[in-house]
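Colleague: Quick one: this structure, given as structure tokens, is what I'll be asking you about.
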Amino acid sequence: MMPSLTSVVAFLFYLTQTSLGYDYVFIGGGTGGLTAASRLAENRNVNVLVLEAGPYAEDLPEVFIPGLFGKGRAFTDLDWKYNTTAQGQMNNRTLIVRAGRALGGSSTINGMIFPRAPEEQYDVWGTLNNDSSWTWNALLPFFKKSEIFTPPNEFQASNGAQYLPEFHGLDPRVGRVKVGFPNFFFPQSELWEKTALHLGFRASPDLTNGEPDAVGVSPNSIDAANNTRCSAACAYYTPLKDKPNFTVITNATVSRIIWSSAGNGSSGLIASGVEYFLQNQTEPIVVNIGPQSEVILSAGTIGSPKVLELSGVGNSTILKAAGVEPVLDHATVGENLADHLHSWVTAFTNASVTGDPILQDPIFAQQQLDLWFKNRTGFYSGASGKTLAIVPPSLIFTDSELKRLLNETSADLLRFAREFSNGNKNLAKGIEAQHKLALKLYEADKAGPLEMNLSPFYNGPKPLDQRPRSNFTSIAVVLYAPLSRGRSHINSPNPFTPPLVDPAYWSHPLDVAAHVAGIKLARKMMQSPPLSSIYGGEFEPGSNNSTGDEDTFIKDFLKGVAGGDNHPVGTMAMLPRDLGGVVDTDLKVYGIRNVRVVDASIIPFPVSAHISSTVYMIGERAADIIKHDLQRSRNEQSIALDSPLKL
């Protein structure tokens, strides 16, 4: 029987791959992985392979036009669309956690909002790991290295865009991600900012300065020169795509890492290959690597623990139940999951210009799209021109309320640490340590429990055909800095079967209290001057409060509509092993000699920001660590070769 052409091509490709001798194989070409891979490939003597499950999508309008964010294929086949398990505190609803399934990862489909979190939260990373190299001051150079920042022009500055040059990368010879401001602003954003200032918020001179508990216009990951999205593919793939030592294979789903030994000594487990499937192929391809080469897991907070578990590394009980033979028992892989939770207050408005006609009037939408192609202006020239604020605890709680909540949280530290640790004593200690530091941030008014931002259009849970044909103002209230912790694990040996994702939203009462208080503040904002000048009555949560208690009414509303904010972190946490960590501060997986993790899953303590700028920083920091390790190894080899032979 003659073999099929497909099998012959696959076999020839297999022979090619197994003979190339890659120094680094990246599993995932997302925000963090593509950053580190590209930086390593700057050295022409280093061979890098990136395996990305999704396609190249930079040529799609819904990717490169800022205002088409979320349209077309963005939230369909370019999105993993992970379903959560039934969320007990969300009326047992199954929610969606979005993650980019394309070269560039989530930076290809996200809202392009590009602030940074409070510096104190990054300092917590260093405190938990007793390592000052993972604190704000040490990480700021890597934030700056990742970007090519375009300062606001006169029009953007007149609409509130500001910056402090000391916090930005301004050298195009060094930076990669193009960062700037949009070409369109709605007047409602200025009204909301003035309202926020009136209610006690500070004005921010720059939302990337490590002090974002203030209100201001956020920079975006856009190329200001031509008003297009700049994803990780734009920033880290395109400049090096023709280099012979930088190979990127798209539509390649990794099924497992292959191990050469399970050494019981200090060397630990050794990765010797990576197995993957090309799209529409049934036979796997194996990339073999040598013991001095490395595998870099960069498949994201949900994808990275999935690959490691499929490879036999994880909680042995979970692996056996899923039909995978354990190779290394690593009980905290997939644990410590935290995510932000999104919600809204929406109101009718008498404002003459909103974004609602884009959805209601196809002719108007086409006119605006034509305007973007003509001169890069109009509604589509920005995802929405976000004016946003991180809310300090003092603006949502009275002193007595906060004192009571913190006392209750402190009294229940051990109970929740044990509950969230899934039976792992080390992780329970790690979560207890995280919660203690979170309480200190609350006490210092630096916890950043919420983000609020204004959308000058309907931005709520009801689809177009289930809401009035009207104009709206929306204030998003996003729960940040959650104390709740969940998990993500496989339940099948099939690499194409999605894992069980449980963010455990609202599992901690302090999260609930902060979220409810944020909705109350947003409702107050809608009816406070000057935003009240365009207020036409509340649409959601609405006035049908039959409980008589505002907190209960809001809580019931949120249980039915709140959704994930798509910023999951923590499942491969960078923590000491006795605190339940999966990777060390060099991002190496404990017990494995040559596997690192470079994505949001290593974040040990959630940060109060849209996370793409932070993940780019992690990629830059990882590349620096790996380069230093490579240089040290080569120096040691050189010394060994130069040493006199002892007889």
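Colleague: In segment 597-647, what count of residues is obtained for those that are modelled with pLDDT under 95 and either crowded, with 16+ Cβ neighbours inside 10 Å or among the acidic types (Asp, Glu) (or both)?
Modeller: Residues meeting the conditions: 4.
Colleague: Same structure, new question: Given the structure, is Ser107 touching a Cys at 6+ places or on another chain (Cβ under 9 Å) and not in a loop (DSSP other than H, G, I, E, B)?
Modeller: Working: touching a Cys at 6+ places or on another chain (Cβ under 9 Å): yes; not in a loop (DSSP other than H, G, I, E, B): yes.
Yes: the conditions hold for Ser107.
The rows are residues; the columns are (1) more than 30 Å from Gln121 (Cα to Cα); (2) within 29 Å of the chain's Cα centre (by Cα).
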residue	(1), (2)
Ser189	no, yes
Ala196	no, yes
Pro219	no, yes
Ile222	no, yes
Thr238	yes, yes
Phe246	yes, yes
Ser260	yes, no
Glu275	yes, yes
Pro284	yes, no
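Colleague: Oh, and also: Taking the criterion of being surrounded by fewer than 24 Cβ atoms within 10 Å (Cβ to Cβ), out of contact with any strand residue (DSSP E or B) (no Cβ under 7 Å at 6 or more places or on another chain) and β-branched (Val, Ile, Thr), would at least one residue in segment 313-336 satisfy it?
Modeller: Yes, there is a match, as at least one residue in segment 313-336 is surrounded by fewer than 24 Cβ atoms within 10 Å (Cβ to Cβ), out of contact with any strand residue (DSSP E or B) (no Cβ under 7 Å at 6 or more places or on another chain) and β-branched (Val, Ile, Thr).
Colleague: Hey, another quick one. Going by the structure shown, is Ala203 small (Gly, Ala, Ser), touching a residue at least 12 places away in the same chain (Cβ under 8 Å) and either within 27 Å of Ser352 (Cα to Cα) or surrounded by fewer than 16 Cβ atoms within 10 Å (Cβ to Cβ) (or both)? Give the steps one after another, and end with the answer.
Modeller: Working: small (Gly, Ala, Ser): yes; touching a residue at least 12 places away in the same chain (Cβ under 8 Å): yes; either within 27 Å of Ser352 (Cα to Cα) or surrounded by fewer than 16 Cβ atoms within 10 Å (Cβ to Cβ) (or both): yes.
Against the criterion (small (Gly, Ala, Ser), touching a residue at least 12 places away in the same chain (Cβ under 8 Å) and either within 27 Å of Ser352 (Cα to Cα) or surrounded by fewer than 16 Cβ atoms within 10 Å (Cβ to Cβ) (or both)), Ala203 qualifies.
Colleague: Another one. Do we have Gly200 as at pLDDT 95 or above and either in contact with a helix residue (DSSP H, G or I) (Cβ under 6 Å, 6 or more places away or on another chain) or part of a loop (DSSP other than H, G, I, E, B) (or both) here?
Modeller: Details: at pLDDT 95 or above: yes; either in contact with a helix residue (DSSP H, G or I) (Cβ under 6 Å, 6 or more places away or on another chain) or part of a loop (DSSP other than H, G, I, E, B) (or both): yes.
Yes.
Colleague: Checking the condition small (Gly, Ala, Ser) and in a helix (DSSP H, G or I), which residue from Ala447, Ala476, Ala438, Ala481 passes?
Modeller: On the way: Ala447 fails: in a helix (DSSP H, G or I); Ala476 fails: in a helix (DSSP H, G or I); Ala481 fails: in a helix (DSSP H, G or I).
Ala438 is the lone residue from the list that is small (Gly, Ala, Ser) and in a helix (DSSP H, G or I).
Colleague: Pro187 versus (1) within 30 Å of Ala36 (Cα to Cα); (2) surrounded by fewer than 23 Cβ atoms within 10 Å (Cβ to Cβ); (3) modelled with pLDDT under 95: which is the lone unmet condition?
Modeller: Result: Pro187 fails condition (1) only.
Colleague: For segment 72-87, which positions are loosely packed, with under 15 Cβ neighbours inside 10 Å, of a type in the set (S, T, N, Q) and either in contact with a strand residue (DSSP E or B) (Cβ under 8 Å, 6 or more places away or on another chain) or in contact (Cβ under 8 Å) with a residue 12 or more places away in the chain (or both)?
Modeller: Answer for segment 72-87, where residues must be loosely packed, with under 15 Cβ neighbours inside 10 Å, of a type in the set (S, T, N, Q) and either in contact with a strand residue (DSSP E or B) (Cβ under 8 Å, 6 or more places away or on another chain) or in contact (Cβ under 8 Å) with a residue 12 or more places away in the chain (or both): just Asn83.
Colleague: To continue, here is another question. Of all strands (runs of 3 or more DSSP E) completely enclosed by segment 203-263, which ones contain at least 2 residues that are more than 20 Å from Glu620 (Cα to Cα), at pLDDT 95 or above and small (Gly, Ala, Ser)? Walk me through how you get there before you give the answer.
Modeller: Values: elements: 215-217, 246-249, 252-262.
Correct list: 252-262.
Colleague: Then there is this: Residues in segment 398-419: is at least one loosely packed, with under 15 Cβ neighbours inside 10 Å, under 30 Å from Leu437 (Cα atoms) and in contact with an Asp or Glu (Cβ under 6 Å, 6 or more places away or on another chain)? Walk me through how you get there before you give the answer.
Modeller: Our first condition is that a residue be loosely packed, with under 15 Cβ neighbours inside 10 Å; within segment 398-419, this holds for 398-401, 403-404, 407-408, 410-411, 414-415.
Checking the rest, the ones that are also under 30 Å from Leu437 (Cα atoms) come to 398-401, 403-404, 407-408, 410-411, 414-415.
This time we only want the ones that are in contact with an Asp or Glu (Cβ under 6 Å, 6 or more places away or on another chain), so: none.
The answer is no; no qualifying residue exists.
Colleague: Do the conditions hold for Pro305, that is, is it crowded, with 19+ Cβ neighbours inside 10 Å and either among the β-branched types (Val, Ile, Thr) or outside any strand (DSSP E or B) (or both)?
Modeller: Details: crowded, with 19+ Cβ neighbours inside 10 Å: yes; either among the β-branched types (Val, Ile, Thr) or outside any strand (DSSP E or B) (or both): yes.
Yes, satisfied.
The values are calculated or read from the model by the stated rules, or taken from the named source; none is laboratory data. Bear in mind the structure is a predicted one, so any value in this text is a computation, not a measurement. Note that we place each Cβ from the backbone using ideal geometry, even for glycine, and neighbour counts take in every protein chain shown.
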